[in-house]
1. Given the structure, is A:Ile284 open to solvent by less than 30 Å² (accessible area, probe 1.4 Å), in contact (Cβ under 8 Å) with a residue 40 or more places away in the chain and in the same structural domain as A:Val333 (by TED's automatic domain parsing)?
2. Could you identify the single residue in A:Gly338, A:Gly358 that is farther than 25 Å from B:Asp177 by Cβ, out of contact with any helix residue (DSSP H, G or I) (no Cβ under 6 Å at 6 or more places or on another chain) and small (Gly, Ala, Ser)?
3. The conditions are (1) within 33 Å of the chain's Cα centre (by Cα); (2) surrounded by 20 or more Cβ atoms within 10 Å (Cβ to Cβ); (3) within 24 Å of A:Ala142 (Cβ to Cβ), and A:Thr166 fails exactly one of them. Which is it?
4. What do you reckon, is A:Ala240 within 14 Å of chain B (Cβ to nearest Cβ), touching a helix residue (DSSP H, G or I) at 6+ places or on another chain (Cβ under 6 Å) and not β-branched (Val, Ile, Thr)?
5. Would you please name the residue that is farthest from A:Val58 (Cα to Cα), looking only at residues in the range A:217-228 that are modelled with pLDDT of 90 or more and buried (at least 23 other Cβ atoms within 10 Å of the Cβ)?
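The values are calculated or read from the model by the stated rules, or taken from the named source; none is laboratory data. All figures in this text were calculated on a predicted structure; none of them were measured in a lab. Positions of Cβ are generated from backbone atoms using ideal geometry, with glycine treated the same way; all protein chains shown enter the neighbour counts. Note: accessible area is taken over every heavy atom of the protein model, side chains too, but ligands, DNA and RNA are not part of it. Shrake-Rupley method; radii C 1.70, N 1.55, O 1.52, S 1.80 Å.
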Amino acid sequence: MPFPLFVALRYLRDQPLQTGLILSGIGVGVAVIIFLSALITGLQQSIIERTLGSQAHVVVRPQEESPRVHPDAGGALVSPSVEQPPQRVRPIDGWPDLRDELARLPGVSGVAPTINGPAIAARGGGSVALAVRGIEPASYLAIVDLESRLVDGELELTGLQAAVGTELARKLGIGVGGRIRIQTTGERGGVYTVAAIFDFNSVSLNESLVFVSLRTAQTLFGIEGGVSALELVTEDIFAAEALAARIRDRTGLDARSWMEQNGDLLVGLRSQSMSSIMIQVFVILAVALGIASVLAVSVVQKAREVGILRATGTRAGSITQIFLVQGALLGAVGSIAGIALGTALAMFFASVARNPDGSATFPVALTGWLYGRSVIIAMGVGVLAAVLPARDASRMDPATVIRNG
Amino acid sequence: MGESVPAGETPVVQLRGVRKTYGERVVTEVLKGIDLQIGPRDLSALTGPSGSGKTTLLNLVGLLDRPTSGTVEIEGTDVGGLDDGDRTGLRAAKLGFVFQFHHLMPAFTALENVAMPLLARHGRPAPWIRERALALLDEVGLAERARYRATDLSGGQAQRVAIARALVAEPALVLADEPTGNLDTETSAQVVELLERINARRGTAFLIVTHEASVAERCHRIVHMVDGRIDSDRRR
């Protein structure tokens, strides 16, 4: 065992009350960090999961159609105003090659071609506005886990089959095997059999979204062989915006990330993270001051011994190390206690508050990274807090402290 | 005055014209030109009234302080130009200390206290350090107290442990500042006897600051200081 560690351990063991108190302080501080981080990260993950559970991380579409201006023979504009033309469902040129190219981009974990367009569902006397999405179930499952959202039927979208949401099924009074008429604004349409019913935990999606096969949607929207969007998922969800920008630059297409489409959500998540970080910073500061004050007192208490150590040939560097090691040890042991306490608190909290379906109201994210980070922070803070006391100790004049001892 | 080493032998300590002053606005001269040699195997007493400069001289010889002027040599090395790290290294290798209060470290056992200077120098515990510390504890008659905490030893025992600690690095010179000043007469006599025995057996030189005539008279040489100067230096 190295000399500074040997002395540091003995000093800490020799003052059980002082050591116990500061360890408790560090433990409570780390527990607060663990608990808060686990709770806020869990909540954020849950929100993001719910949001991204039903959408792609990046959607690539053709650029919107811009108005065309027709000057007269003399070059003057005739119309007093310029109006945006209504947007049609338009195909992406050369989409199979583009799909393959996007799939090869670093950070992309899945690409699926889709067709998205408006339609109306009718049954009996009732009608509902729809957002029809044509998909290849095999590739689309990499984007949205539809299987886990199914509450009835099977995801076999062939021919005139459709998957509808629970709200739409309720509104139209149909179940699996029921038939609805779907018609687009282009007067194309047909009668579809409900093959599956899904639940996205969102009333608006459950009410308006209808999945049909890609081929069916091509016919429905009159873009045979084409697709209107390529939907992507990324390995790191927060890298989606950068990826979208890269795709825009590379292809000239309209590529939008989930972050752009959920701006308010992102602001909310960031505010939440900032509040959490601020709380943690103050907790860390309190822990650092606690360690520093205990070690400062320890240096005063051990002044005579430090003097003797110096007089008997211990180098100033070793004296510094003794107190730095004490700071690191306090941080390490305190953080382990804090991890245990914080984990217990978080798990207790998660187990007490439950949704009707049994899932946690406040999901907590207890990860190895959170634990590792807490230990590193606590040890780092311990060492930093020990720097000044350690420096004071190493600068003690042995003759003076022995004389005054 | 102060030449006491036979020709051909290098003195353990050589002081030439050493002066020491304190204060900037009001200057107090504590040592006023000290010339002193301490030879190998010397058992020397440093006596004198309070304020005569004994402890200051001891601190200069022990490299715990620097002279205002003059030179201090340890086994022929002029320490004036050495930085703090080199002085610490030289102190660890050549000098041992015994204080009036034993100044043992209460968190450690007698054995660990004795081994401490070697642990600090070597950087980590080693079997040979333990063996040497145990042998020294045996030499001072405290082998059976090796595992006792410093706080569980009597004053005399603690001082004997402190003497063992001073000897563990096998120094050329042990500096003892009133080593019996805090002990009763009987224990004091035992400690002095121990110092004599170690001096005779190991040949370690001792410079003992003392107020007690009974201690000084058992030394081979008595250096008497008055008012920052060596008043007399006589061998017995």
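1. Considered against the rule, which asks whether it is open to solvent by less than 30 Å² (accessible area, probe 1.4 Å), in contact (Cβ under 8 Å) with a residue 40 or more places away in the chain and in the same structural domain as A:Val333 (by TED's automatic domain parsing), A:Ile284 comes out as no.
2. A:Gly358 is the lone residue from the list that is farther than 25 Å from B:Asp177 by Cβ, out of contact with any helix residue (DSSP H, G or I) (no Cβ under 6 Å at 6 or more places or on another chain) and small (Gly, Ala, Ser).
3. Just one mismatch for A:Thr166, condition (2).
4. No; evaluated as a whole, the condition is false for this residue.
5. In this case the residue turns out to be A:Ala217.
Residues checked against (1) farther than 30 Å from B:Arg121 by Cβ; (2) out of contact with any Cys (no Cβ under 9 Å at 6 or more places or on another chain); (3) assigned by TED's automatic domain parsing to the domain that holds A:Gly25; (4) of a type in the set (Ser, Thr, Tyr):
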residue	(1), (2), (3), (4)
A:Val325	no, yes, yes, no
A:Gly331	no, yes, yes, no
A:Thr343	yes, yes, yes, yes
A:Thr367	yes, yes, yes, yes
A:Arg391	no, yes, yes, no
A:Ser394	no, yes, yes, yes
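Per-residue answers, yes or no, for (1) over 28 Å from A:Ser359 (Cβ atoms); (2) in contact with a Lys or Arg (Cβ under 7 Å, 6 or more places away or on another chain); (3) at pLDDT 85 or above:
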{"position": "A:Phe35", "(1), (2), (3)": "no, no, yes"}
{"position": "A:Thr41", "(1), (2), (3)": "no, no, no"}
{"position": "A:Gln45", "(1), (2), (3)": "no, no, no"}
{"position": "A:His57", "(1), (2), (3)": "no, no, yes"}
{"position": "A:Val60", "(1), (2), (3)": "yes, no, yes"}
{"position": "A:Glu64", "(1), (2), (3)": "yes, no, no"}
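Conditions tested, residue by residue: (1) open to solvent by 10 Å² or more (accessible area, probe 1.4 Å); (2) at pLDDT below 90.
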residue: B:Ala92; (1), (2): no, yes
residue: B:Gln100; (1), (2): yes, yes
residue: B:Ala120; (1), (2): yes, yes
residue: B:Ala133; (1), (2): no, no
residue: B:Thr151; (1), (2): yes, yes
residue: B:Gly155; (1), (2): yes, yes
residue: B:Pro179; (1), (2): no, yes
